[in-house]
1. Quick check, is L40 part of a helix (DSSP H, G or I), over 11 Å from the mean Cα position of the chain (by Cα) and within 30 Å of F107 (Cβ to Cβ)?
2. Just to be sure I understand, how many residues within the range 55-75 are surrounded by 15 or more Cβ atoms within 10 Å (Cβ to Cβ) and farther than 24 Å from D110 by Cα?
3. Being in contact with a Gly (Cβ under 8 Å, 6 or more places away or on another chain), small (G, A, S) and modelled with pLDDT of 95 or more narrows it down to one of A61, A37, so name that one.
4. Looking at (1) in contact (Cβ under 8 Å) with a residue 40 or more places away in the chain; (2) at negative phi, which is the one condition that is false for Q101?
5. Within the range 63-77, can one find any residue that is touching a residue at least 60 places away in the same chain (Cβ under 8 Å) and among the acidic types (D, E)?
6. Based on this model, can you work out whether I42 counts as at pLDDT 95 or above, among the aliphatic types (A, V, I, L, M) and surrounded by 14 or more Cβ atoms within 10 Å (Cβ to Cβ)?
7. Conditions first: (1) of a type in the set (A, V, I, L, M, F, W, C); (2) under 15 Å from the mean Cα position of the chain (by Cα); (3) surrounded by fewer than 18 Cβ atoms within 10 Å (Cβ to Cβ). F107 passes all but one, so which condition is the exception?
8. Which of the numbered conditions does G21 fail, given that it passes all the others? Conditions: (1) modelled with pLDDT of 95 or more; (2) part of a helix (DSSP H, G or I).
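The values are calculated or read from the model by the stated rules, or taken from the named source; none is laboratory data. Every value quoted in this text rests on a predicted model; they were computed, and no experiment measured them. Here the Cβ positions follow ideal geometry from the backbone for every residue, glycine too, while neighbour counts run over all protein chains shown.
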Amino acid sequence: MNKIQSTIRLRMSQADAHYGGNLVDGARILSLFGDIATELLIRIDGDEGLFLRYDEVEFTAPVYAGDYIEATGWVSKIGKTSRKMEFVAKKVIKCLNDPNQPSAADFLDDPIITTRAKGVCVTPKDMQRKRSE
């Protein structure tokens, strides 16, 4: 099976900051993973399918408002109705949060992994419009 993957890159906004110090809630990153899973299911099955469960989630670095996050997901295994997926989110631009230079940011030559996850999605057989590999 060819590696089927999807990537999203976006800036975390002030609206994403949920905790003190402009810290972004980890659930926001999981939301990105959910969007990626939906795209992958549409590409495979022609249907949005359902996210059944996360088997593993690991938050490895903080994300702050102003940071740019690149989230990527790929299908690691296709069953009759289940699709195992893996995800990783990386900080590619770091907002410096400097009150003296509020717009200062650094592009990271070595992106920082902030989140890893594995999960299972399903597309019921009768909803699969495309033939799975």
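1. Considered against the rule, which asks whether it is part of a helix (DSSP H, G or I), over 11 Å from the mean Cα position of the chain (by Cα) and within 30 Å of F107 (Cβ to Cβ), L40 comes out as yes.
2. 1
3. Result: A37 is the single residue among A61, A37 that is in contact with a Gly (Cβ under 8 Å, 6 or more places away or on another chain), small (G, A, S) and modelled with pLDDT of 95 or more.
4. Against the list (1) in contact (Cβ under 8 Å) with a residue 40 or more places away in the chain; (2) at negative phi, Q101 comes up short only on (1).
5. yes
6. Spelling it out, I42 is indeed at pLDDT 95 or above, among the aliphatic types (A, V, I, L, M) and surrounded by 14 or more Cβ atoms within 10 Å (Cβ to Cβ).
7. Failing condition for F107: (2).
8. Result: G21 passes all but (1).
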